[in-house]
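Structure first, then comments.
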Amino acid sequence: MAKQKTYDFVVIGSGPGGSPFALRLAEKGLKVLVLEAGTKYDPSKDYSLNKDDWELERFPVRTKLGYQFGESQTLDQKYIHLRSWNKANGNFNNSDKRRYIDYQHVVGVGGTTLHYQGESHRIHPSSFKTKSKFGKGYDWPIEYKDLEPYYTQAEKIVGVAGPKTIPGREETVDYPLPPHKLGYSSQVMDKACKKLGYNLVPNSVAILSKPYRNTAPCNYCSGCVWGCPRKDKGSVDVTFVPLAEKTGNCEIRQNAFVSRIEVQNVLGKKVAKGVHYFDKEGKENFVAAKNVAVACGAVQTPRLLLNSELNASGQVGKNFMETLFYEVVALHPERLDSYRGIPMDSIIWDWNESSVNNGVYSGGFRLFPTAGSAMGPVSYATHYFDDWGKSFTDNVDKWFGHAVAMGGIGEFLPNKDSFVSISDKQKDKHGIPIPIIQSFLSETELNTLDRMAKKCKEILKESGTDQFVEVFSTYDLFAATHVFGTCIMGTNPETSVVNSDLRSHEVNNLFVTDASVFPSSGGGEAPSLTIEALSLRAADLFLKNS
């Protein structure tokens, strides 16, 4: 596409919020420029799964956007049993304060889907109305039925493999692909779940179970977090991005870090005129646009808006919600080879819907069997054994392939102590203030973690093992992958940042199309599919109303 003097849309970010939005607009003939702060990865060359040292290299993060952390929460000793530890190293956090580790954000064409594990979930319908039903959090200004057709479209584009029905959801069509068969460890966990009366079902994942998109199916290496060299994982870079570029109306510009949205006052109203960005050489540029969409995620999106002095409601950065996570790893007497297959091939939705028990609100969550940290021999050696010499090597040899984990992800409620702000002291290499992440757990989250922990250990024990060797918990560690809020959608401009169309209340031609618009986090669902569905819907509504 030839460079434009003024684009119909500049979209900031090429992940699950930006690329679907750009695709739909470009399909209809609009000239779209996508500005991506990172680079484009070549799956056949950049990922390490075919190398001898794959387990040490991990995902090749090339670009990291600056951030820092705020105050640390004092740990509630009532829940000290949830502390993170492993057999080789002891406690991960020996202090009485919650420890910030990382915000696991990938910057590159395709965004964080580059190293996600393919989970593709529809949010439970009840999660759209937690305020109305339970007096907690915020209601979405839309309902499940508004997103349902867009869920279907996104599932078709990325190639979701899943069962015919998902508890609590109302799919109108089957998934494009049949579910993956359960691996050995999930089969063992399934037997335990049946004894306990729990329902383990195949997970819905954007990982090909059959040839699709002119791509071969998964080879079951379980290495999704390292990046998929075969392109059978439905990350945005191999699904939405090629389709958008194929229209001839969409340009993806790499290494373009947007520092500010240019807004002018026209006839008493704020209008976005374009964006300022720094290129790879550090040169500042300006690109004009009739409309602007921001899709940088729930940390970098509020950073950009705040640095652009866009916060009339005072709500930008508020209502931050992180990943509520618990996982316990055990060594099983049977060799399960849990490192083979897909990382999370099955799931338990039994506790996904929020509820009130004995007058106490209980956040929803879901559980899943997984390999945990047990990906290869290095992981076994550095996580699960604390002896030395021959005893150490004998144990690694004896137990390799025996590790299995049960994990859970649950609902996180917005609270006044969890937010994203910008630093008045620390700036990045371009002189732009960096974001500050602060996150506190309420009693609801701690109760949910406790419930997840008990269920995970119960299932593992029923499967035949209580030889626990590692726990990783949000109780004492922040290492978020799924983050939400900070620019929530709503009908009231005083309490929300965008409307139900994802259009800014403050600037009429400005949109936000990522997980920062979520008013609630859901009951543990992975967010990428919902982000994609929201993005497609917002583009359609813009086209309809323009």
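For region 379-425, the set of residues classified as of a type outside the set (Lys, Arg), closer than 30 Å to Gln438 by Cβ and assigned to a strand (DSSP E or B) consists of Ala405, Met406, Gly407, Gly408, Ile409, Gly410, Phe419, Val420, Ser421, Ile422, Ser423, Asp424, listed by residue number. When residues in region 364-378 are screened for being of a type in the set (A, V, I, L, M, F, W, C) and in a helix (DSSP H, G or I), 1 of them pass. Scanning region 536-546 for residues that are within 13 Å of Ala22 (Cα to Cα), of a type outside the set (D, E, K, R) and either surrounded by fewer than 24 Cβ atoms within 10 Å (Cβ to Cβ) or under 15 Å from the mean Cα position of the chain (by Cα) (or both) gives Leu536, Phe542, Leu543. Taking every residue in region 1-27 that is modelled with pLDDT under 95 and pairing it with any residue that is of a type in the set (Lys, Arg) and surrounded by fewer than 24 Cβ atoms within 10 Å (Cβ to Cβ), at least 6 positions away or on another chain, the pairs with Cβ-Cβ distances below 6 Å are Gln4/Lys31.
Against the list (1) part of a strand (DSSP E or B); (2) in contact with a helix residue (DSSP H, G or I) (Cβ under 9 Å, 6 or more places away or on another chain); (3) not small (Gly, Ala, Ser), the condition Asp102 fails is (2). Taking the criterion of being within 12 Å of Gly111 (Cβ to Cβ) and outside any helix (DSSP H, G or I), the residues of region 12-28 that qualify are Ile12, Gly13, Ser14, Gly15, Pro16, Gly17. For Ala453, the criteria (1) touching a strand residue (DSSP E or B) at 6+ places or on another chain (Cβ under 6 Å); (2) surrounded by 24 or more Cβ atoms within 10 Å (Cβ to Cβ); (3) small (Gly, Ala, Ser) hold in every case but one, which is (2).
If you go through region 125-161 and keep only what is at positive phi, surrounded by 18 or more Cβ atoms within 10 Å (Cβ to Cβ) and at pLDDT below 95, you end up with just Gly137. If you go through region 295-312 and keep only what is crowded, with 22+ Cβ neighbours inside 10 Å and of a type in the set (D, E, K, R), you end up with just Arg303.
Being among the β-branched types (Val, Ile, Thr) and modelled with pLDDT of 95 or more is the filter; apply it to region 80-106 and report the residue that is surrounded by the most Cβ atoms within 10 Å (Cβ to Cβ). Only one residue tops the list, namely Ile101. Considered as a group, the residues in region 172-210 that are in contact with a Lys or Arg (Cβ under 7 Å, 6 or more places away or on another chain) and modelled with pLDDT under 95 include one that is surrounded by the fewest Cβ atoms within 10 Å (Cβ to Cβ), and that residue is Asp174. Screening Tyr380, Tyr361 for residues that are buried (at least 24 other Cβ atoms within 10 Å of the Cβ) and of a type in the set (Phe, Trp, Tyr) leaves exactly one candidate, Tyr380. For region 345-358, a tally of residues being crowded, with 22+ Cβ neighbours inside 10 Å and of a type in the set (A, V, I, L, M) returns 2. When region 383-397 is limited to residues that are of a type outside the set (Val, Ile, Thr) and surrounded by 12 or more Cβ atoms within 10 Å (Cβ to Cβ), the one that is nearest to Val469 (Cα to Cα) turns out to be Tyr384.
Restricting region 379-419 to residues that are of a type in the set (Phe, Trp, Tyr) and at pLDDT 95 or above, the residue that is farthest from Pro302 (Cα to Cα) is Phe412. The residue pairs whose first member lies in region 490-516 and is without any contact (Cβ under 8 Å) to a residue 24 or more places away in the chain, whose second member is surrounded by 24 or more Cβ atoms within 10 Å (Cβ to Cβ) and in a loop (DSSP other than H, G, I, E, B), and whose beta carbons are closer than 7 Å, counting only pairs six or more residues apart or on different chains, are Val498/Cys487.
Quick check: is even one residue across region 46-62 of a type in the set (Ser, Thr, Tyr), in a loop (DSSP other than H, G, I, E, B) and within 21 Å of the chain's Cα centre (by Cα)? Looking for residues that are of a type in the set (Ser, Thr, Tyr), in a loop (DSSP other than H, G, I, E, B) and within 21 Å of the chain's Cα centre (by Cα), one finds at least one in region 46-62, hence yes. Only a single item in (1) within 22 Å of the chain's Cα centre (by Cα); (2) part of a loop (DSSP other than H, G, I, E, B); (3) among the acidic types (Asp, Glu) is not met by Asp146, and it is number (2). Reported count of residues in region 29-45, each being surrounded by 15 or more Cβ atoms within 10 Å (Cβ to Cβ) and either assigned to a loop (DSSP other than H, G, I, E, B) or within 20 Å of the chain's Cα centre (by Cα) (or both), is 8.
Evaluate region 67-88: report whether one residue or more is in a loop (DSSP other than H, G, I, E, B), hydrophobic (A, V, I, L, M, F, W, C) and out of contact with any helix residue (DSSP H, G or I) (no Cβ under 8 Å at 6 or more places or on another chain). Checked region 67-88: at least one residue is in a loop (DSSP other than H, G, I, E, B), hydrophobic (A, V, I, L, M, F, W, C) and out of contact with any helix residue (DSSP H, G or I) (no Cβ under 8 Å at 6 or more places or on another chain).
The values are calculated or read from the model by the stated rules, or taken from the named source; none is laboratory data. Nothing here was measured: the structure is a model prediction, and the numbers come from that model. Don't worry about glycine lacking a Cβ; one is built from the backbone with ideal geometry, like all the others, and counts go over all protein chains shown.
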